[in-house]
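Q: My structure is below; once you've seen it, I'll send some questions.
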Amino acid sequence: MNQVRKQKFLIVGSILAGSIVTVGLLLVAFDKGLNAFITPTEIAEGKVNGSHNFRIGGMVKKGSLVRKGTGTQIEFIATDFNEDIPVVYTGVLPDLFREGQGVTADGHMDASGVFQADTVLAKHDENYMSKEVKAAMDAAEKKKTGKLATEGAHP
Amino acid sequence: MWQWLYKLGSPRHFYEMTTGFVPWLTGVSLFLLIVGVVWGLGFAPPDYQMGDSYRILYIHVPTSMGGMGAFVLLAMMAAMHMIWNIKMADIVAKVCAPVGAGYTALGLITGSLWGKPTWGTYWIWEARLTSYLILLFLFLGVMALRAAYDSERSGSKAASVLAIVGVVNVPIIYYSVYWWNTLHQVPSELGRDGSANPPEIFIPALFTGFAVIGLFFLAVILRSRNEILYRERRAQWVQDLLEKELADV
């Protein structure tokens, strides 16, 4: 490489390196501030003080969903399989809101440790499956667990 | 091979070498697009949770990735132009920015249309979505900066610097879903058993994916050819070409 090219190569390289370092430091400084939500474990660790608004994220604990009144008063437990937070919400849930699936909710903690949600969003995972396959898998699972139960009953 | 690449760096050779290639690329891309869209939208099975709305992802995933790929290409061309002063690299950098911006916009629009039925909202300020919106602004910034100068040389220099600085955003977009809690899911891994993304759902995505890549390069090549003719309009070979074309008409 001749002298001019080498110099230009260095200029381009330092522009790139400079922006990587700048942005990298910026992101390290922001750290957890860029998280879209706070997990139940982080709440249990006392990351949130007072009653200001934030977003909680986790899984809807299986069997925890309760509908009250005309069905728009909703109670469920958000879990990260370590800590549980009870959530109360009044309104329409997104279609993909399911037990055992991801969820985020905007709101605040009340004095009794219940999360009062204003908005609830469903979080989708990266798994895709056809309805037929899912039905077949559920049937197989049922058969397997049913069989195990009968095996237990007749030793 | 090197000689072939070297020749592509010359506007005239680029023009002559792509002439025969354009109809082929058009045909193959359109074929892949039609097969992928008909298969994905008409015949792939509905998802067990999202039902039919997941079909938006057949367009969303390739166009979103295309937008990021386009910015990487833009930055590479900008660096090549700055270091080696290759004319052709500057032409490609100039013409690929609007195409990339279009893909990025399409990725944002389709993503938001998918987000409403899936998440329950069109938009949320989280790391993946926000960093991807910044990608659109970077594209628009590169285009605006180039257009803001009267001289083509100064404009291309300024735009090149922004492209090289801005490319830092691309890995941030990609890793955002791993580094932070985001509402956006991580990409499906194609495991050996294919459980996360089974073949009957995944294969149409391969077709739309390659179609979107093909159409991107088609747009870049066609726009590059126009730009070459404009920039070399005073060259003898363009004059000859013009006379020949006019004689045919």
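Only the coordinates and a few stated rules stand behind these numbers; no lab work does. What you see is a predicted model; the values in this text were computed from it and never measured. Here the Cβ positions follow ideal geometry from the backbone for every residue, glycine too, while neighbour counts run over all protein chains shown.
Q: Given the peptides A:65-74, A:36-45, arrange them by the average over their residues of other C-beta atoms within 10 Å, most packed first. Kindly include the intermediate steps, with their values, before the conclusion.
A: Working: A:65-74: 11.7, A:36-45: 19.1.
Order by mean packing, descending: A:36-45, A:65-74.
Q: How well do other chains shield peptide A:22-34, expressed as the mean number of their Cβ atoms within 10 Å of each residue Cβ? Don't jump to the answer; show the numbers that get you there.
A: Details: counts 2, 5, 2, 0, 0, 5, 0, 0, 2, 1, 2, 1, 9.
Counting other chains' Cβ atoms within 10 Å and averaging over A:22-34 gives 2.
Q: If amide hydrogens are placed 1.01 Å from N in the peptide plane, which non-local residues have theirs closer than 5 Å to the one on A:I38?
A: So A:I38 has HN proximity to A:R55, A:I56, A:G57.
Q: Dipole of the protein assembly as shown, Cα-centred, from +1 at each Lys and Arg C-beta and -1 at each Asp and Glu C-beta, to the nearest 20 debye?
A: On the way: 35 positive and 34 negative charges, 218 e Å.
It comes to approximately 1040 debye.
Q: Can you list the HN-Hα couplings for the stretch A:27-36, worked out from phi with the Karplus curve (6.51, -1.76, 1.60; θ = phi - 60°), rounded to whole Hz and with x for Gly and Pro?
A: Ordered by residue, 3J(HN,Hα) equals 5, 5, 5, 5, 6, 6, x, 8, 5, 6 Hz.
Q: Then there's this: How big is the Rg/Rh ratio for the protein assembly as shown, C-alpha atoms only, Rh by Kirkwood, two decimals? Write down the numbers at each step before the final one.
A: Values: Rg = 26.6 Å, Rh = 24.8 Å.
With Rh from the inverse mean 1/r over Cα pairs, Rg/Rh is 1.07.
Q: Right, another one. Using θ = phi - 60° and the Karplus form 6.51 cos²θ - 1.76 cosθ + 1.60, what ³J(HN,Hα) does each residue of the stretch B:170-179 get, whole Hz, x for Gly and Pro?
A: Using θ = phi - 60°, the values come out as 5, x, 5, 4, 4, 8, 3, 6, 9, 6 Hz.
Q: How much length is gained on full extension from B:L5 to B:Q185, taking 0.36 nm per residue of separation minus their Cα-Cα distance?
A: Details: separation 180, 0.36 × 180 = 64.80 nm, distance 3.90 nm.
Once the chain is fully extended between B:L5 and B:Q185, it gains 60.9 nm.
Q: Sort B:238-249, A:6-17, B:59-70 for me by packing, meaning the mean count of neighbouring Cβ atoms within 10 Å per residue, highest on top. Let's see the in-between values first.
A: Values: B:238-249: 10.1, A:6-17: 13.8, B:59-70: 22.5.
With the highest mean Cβ count within 10 Å placed first, the list reads B:59-70, A:6-17, B:238-249.
Q: If you average the sequence gap of Cα pairs under 8 Å that are 6 or more apart and divide by the length of the stretch A:1-122, what percent do you get for the contact order?
A: Details: 191 pairs, mean separation 25.9, N = 122.
Reported as a whole number, the value is 21 percent.
Q: Which whole-number percent gives the relative contact order of the stretch B:19-240, counting Cα pairs below 8 Å spaced six or more residues apart?
A: Taking the mean separation of contacting Cα pairs over the length of the stretch B:19-240, I get 33 percent.
Q: Using only Cα positions of the stretch A:9-155, each an equal point scatterer, no hydration layer, compute I(q)/I(0) via Debye at q = 0.09, 0.19 Å⁻¹ and quote the log10 values to two decimals.
A: -0.48, -1.11
Q: Which whole number gives the average, over all residues in A:111-121, of C-beta atoms from other chains lying within 10 Å of the residue C-beta? Walk me through the numbers on the way to the answer.
A: On the way: counts 0, 0, 0, 0, 0, 0, 0, 0, 3, 2, 7.
What the average comes to for A:111-121 is 1.
Q: Can you quote the Å³ per residue value for the convex hull of the Cα atoms in the stretch B:161-249, rounded to an integer? The partial results should precede the final answer.
A: On the way: hull volume 17.7 nm³, N = 89.
Once divided by residue count, the hull of the stretch B:161-249 is 199 Å³.
Q: About its Cα centre, what dipole magnitude does the stretch B:13-156 give when the only charges are +1 on Lys and Arg Cβ and -1 on Asp and Glu Cβ, stated in debye to the nearest 20?
A: On the way: 7 positive and 7 negative charges, 20 e Å.
Taking the Cα centre of the stretch B:13-156 as origin, the dipole is about 100 debye.
Q: Using θ = phi - 60° and the Karplus curve 6.51 cos²θ - 1.76 cosθ + 1.60, what whole-Hz ³J(HN,Hα) does each residue of the stretch B:16-30 get, with Gly and Pro shown as x?
A: Each residue of the stretch B:16-30 in turn: 5, 6, 8, 3, x, 7, 4, x, 4, 4, 4, x, 5, 5, 5 Hz.
Q: Relative to the longest principal Cα axis of chain B, at what angle does helix B:57-84 sit, 0 to 90 degrees, rounded to 10?
A: The two axes meet at around 30 degrees.
Q: Excluding residues on the same chain fewer than 8 positions from B:K94, give the lysines whose Cα lies under 19 Å from its Cα.
A: Straight-distance partners of B:K94: B:K157.
Q: Quick one: which residues, 5+ away or cross-chain, put their amide H under 5 Å from the amide H of A:T119? H built at 1.01 Å from N.
A: Amide H neighbours of A:T119, under 5 Å, 5+ apart: A:D106.
Q: Hey, another quick one. Considering every residue in B:178-186, what mean count of other chain Cβ atoms within 10 Å of its Cβ is obtained?
A: 6
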